[in-house]
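What follows is a single structure, written as structure tokens, with notes after it.
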Amino acid sequence: MISNKALIHFDIIVVGAGHAGCEAALAASRLKNKVLLFTVSVDSIAMMPCNPNIGGTSKGHLVREIDALGGEMGKNIDATFIQSKMLNISKGPAVHSLRAQADKQNYSNRMRNILENDKNITIKQAEVTSLIVEDNKILGVTTNFDSSFYAECVIICSGTYLKAKCITGETGINSGPNGLMAANSLSDSLTKSNIGLRRFKTGTPARIDKNTIDFSKMTVQTGDEKIVPFSFETNEEDIQRQQVPCYLTYTNKETHKIIMENIDRAPLFSGDIKGTGPRYCPSIEDKVVRFADKERHQVFVEPEGLYTNEMYIDGMSTSLPEDVQIEMYRSIKGLENARIVRNGYAIEYDCIDSSELLPSLESKKIAGLFFAGQINGSSGYEEAAAQGLIAGINADRKIRDEDAVILDRASAYIGVLIDDLVSKEITEPYRMMTSRAEYRLLLRQDNADERLTEIGHQVGLISDERYEKFLKKMQQTDNEINRIKSVYVAPTDKVNNLLISLKSSPIENGTGLTDLIKRPEISYQSLAPIDTDREPLPTDVAEQVNIRIKYEGYIDRQKKQVEHFKKLENKKLSISIDYEGIKGLSNEGRMNLMKYKPVSIGHASRIAGVSPADISVLLVALGIR
């Protein structure tokens, strides 16, 4: 029953304005919903409390996919980066990933400006303290001002703020990241609503005054000469600008000695930290203990922005006491006189058991309640933004009584991310990695638009104009591949001289251009001098032509694997199935099927403890063919 205290009714309420909350609010608004966006501080919208960079290995894939679906993160970093680099270019295209260092203040300010000028979004600074739930359906939320707000759907994107505690040495402060107010009440409301919670931990390194660093003792790390945008809508020529350098240095034996001599004062080892930290992004004290045989570890010194002297010390996340941090950092080449502006710290926080979510990111227990971001046990800005976008889309579709948008593991890294969160036991902050994707050659960062723009257009987040440009690009690519397949070259001096200059073997007979492109040392672009009928093509089209011809056999093989995968995904299951009544299931399989409530046979097959024999029993018992 809605009380008289209700101030106003919205379509969708988003709790938290970090990277998940921003994407959720914008997606919901752009789909014509009235959105109320809560934040504990308006100044912290899209804040970057850890490394101010976007992208990186596998994370760059997520940003490209967010953009292909109609999200904002790619455009925001294109407008605010201070250095950009394509990673892993010496390897195959499946693992190429774009990474950009952001000006953290400009990144936050631009995103805030986008939100504030969206006519469908109302921003409110307040702490959401409880959920309003009736008959297992979300009705709204209450705030620390004892006000109630109502909506059809609520999306919780609370990040690392729930009962947050920041820890440096023996000192623990109940606060969110960067000293912001923690959200201390919502956890209790979630527990009362039978939402399972767990305690995770992450951390951040110190920030050091640039004026106290001797960069001459470090190795300069520059950005790419030709900058590639994250967003498929960004004009490449518009973002070719001067970049700010980063720097590389290393820890050493003295650094490790200082850490080991004070390891008893490290909260991570003294027992003061109870939460589980990320295995793939350990603190420096954890690295020194776990990899005792290593004499040094990389340390990247990266600017936090154009208008601040703070430098981020990447690779040295720590919660050691302040006096140890000073001694430790000053033992590193180039940091001998370093002054710490902000101490490194660990942060503990509550998050939910993401196995309680449907693949749509809606709660299995409370209709209309969605969760996105670090509240789901993930880590990273990109993982959060991807979930926020999907939650915003699916909250809209819930209101419209339409089927949820669920990206599977063969469609997107976003699909891998969400499937892992809802299908697996997440015992530490989840980080996206290329190794988690089974179909990496199909899920490249360069073809995210090919995979997802159609879905974004169907949903309503991709404009007709952008969609027409995408179709034109696809047509140009197909036409050029078809043309190339019909082109043969004779073994002339011109042809063979070019091949030799490319360190490739000359030909003795007429040879198709496709056969030449498939040689490792040759690309479509490099054959332009002997391809006389070629018309000029946009860079992104030429890239697709090259990759699709060069890796044609491998791509076709993965497509066949996906066909088998899709068959299992298309065998749907109801989350209301009574697994207790199905004879022949193993005890562990039955228990986990009851816990995870899979939505398809494919989903069920990925649940730990569910054996191939259990899947066979399900198929027979449920009459699925």
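Here are the numbers:
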{"item": "Percent RCO, i.e. relative contact order, over segment 573-612, from Cα pairs under 8 Å lying at least 6 residues apart", "result": "46"}
{"item": "Computed FRET value (nearest 0.05) for Met260 with Asp214, which takes r as the C-beta separation and R₀ as 30 Å", "result": "0.70"}
{"item": "Mean shadow area of segment 99-162 over all directions, Cα convex hull, nm²", "result": "6.5"}
{"item": "Fraction in percent of alpha-carbon pairs per bin - 10 Å, segment 401-525", "result": "10, 26, 25, 20, 14, 5, 0"}
{"item": "Cα centroid separation, segment 203-219 to segment 572-609 (Å)", "result": "52"}
{"item": "Label-point gap, in nm, between Asp533 and Gln475 - each point 7 angstrom along Cα→Cβ", "result": "2.0"}
{"item": "Listed residues Lys473, Lys294 arranged by accessible area, highest first, probe 1.4 Å", "result": "Lys294, Lys473"}
{"item": "Summed side-chain charge close to Ile340 - residues other than Ile340 whose Cβ falls under 12 Å, Lys, Arg +1, Asp, Glu -1", "result": "-1"}
{"item": "Cα centroid of segment 421-494 to Cα centroid of segment 223-264, whole Å", "result": "27"}
{"item": "Per-residue [θ]222 nm for the chain (sum of -39500 (n - 2.57) over DSSP H runs n ≥ 4, rounded to 500)", "result": "-10000 deg cm²/dmol"}
{"item": "The chain: antiparallel DSSP beta bridges as a percent of all, rounded to 5", "result": "70"}
{"item": "Additional length obtainable on full extension of the chain from Phe145 to Lys518, 0.36 nm per residue less Cα span", "result": "127.8 nm"}
{"item": "Sequence-distant residues sharing a close amide H with Arg342 (under 5 Å, placed H)", "result": "Arg207"}
{"item": "Contour minus Cα-Cα distance for Asp493 and Glu508 (0.36 nm per residue)", "result": "4.3 nm"}
{"item": "Computed accessible area, Ser360, all protein chains, 1.4 angstrom probe, square angstrom", "result": "10"}
{"item": "Segment Lys253-Lys595, length gained on full extension (0.36 nm per residue, minus Cα span)", "result": "118.3 nm"}
{"item": "With every protein chain in place, the chain: carbon and sulfur % of accessible area (1.4 Å)", "result": "48"}
{"item": "Relative contact order %, segment 318-374, counting alpha carbon pairs below 8 Å whose residues are six or more apart", "result": "23"}
{"item": "Exposure rank, largest accessible area first [Tyr467, Tyr596; 1.4 Å]", "result": "Tyr467, Tyr596"}
{"item": "Estimated FRET transfer efficiency when R0 is 60 angstrom, pair Leu197-Ser501 (beta carbons, to 0.05)", "result": "0.45"}
{"item": "Heavy atoms of Thr308 accessible to a 1.4 Å probe, total area in Å² rounded to 10", "result": "40"}
{"item": "Quotient of Cα Rg and 2.2 N^0.38 Å for segment 467-577, N being how many residues it contains", "result": "1.44"}
{"item": "Heavy atoms of Asp353: accessible area, 1.4 Å probe, square angstrom to 10", "result": "30"}
{"item": "Efficiency of FRET from Cβ geometry, Asn235 and Lys119, R₀ 30 Å, rounded to 0.05", "result": "0.70"}
{"item": "Per residue accessible area of the chain, 1.4 Å probe, in Å²", "result": "43"}
{"item": "Among [x] 26.0, 87; [y] 27.2, 98; [z] 29.4, 89, the entry that matches Rg and Dmax of the Cα atoms in Å as calculated here", "result": "[x]"}
{"item": "Coil-residue trypsin sites (Lys or Arg not before Pro) of segment 215-292, DSSP, other Cβ within 10 Å capped at 13", "result": "Lys226, Arg241, Lys274, Arg279"}
{"item": "Rel. contact order, % - alpha carbon contacts under 8 angstrom, at least six apart, segment 270-404", "result": "14"}
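The values are calculated or read from the model by the stated rules, or taken from the named source; none is laboratory data. Since we're looking at a predicted model, the values are computed, not measured. Every residue, glycine as well, gets a Cβ built from its backbone with ideal geometry; the counts of neighbours run over all protein chains shown. Note: areas computed on protein heavy atoms with side chains; ligands, DNA, RNA excluded. Shrake-Rupley method; radii C 1.70, N 1.55, O 1.52, S 1.80 Å.
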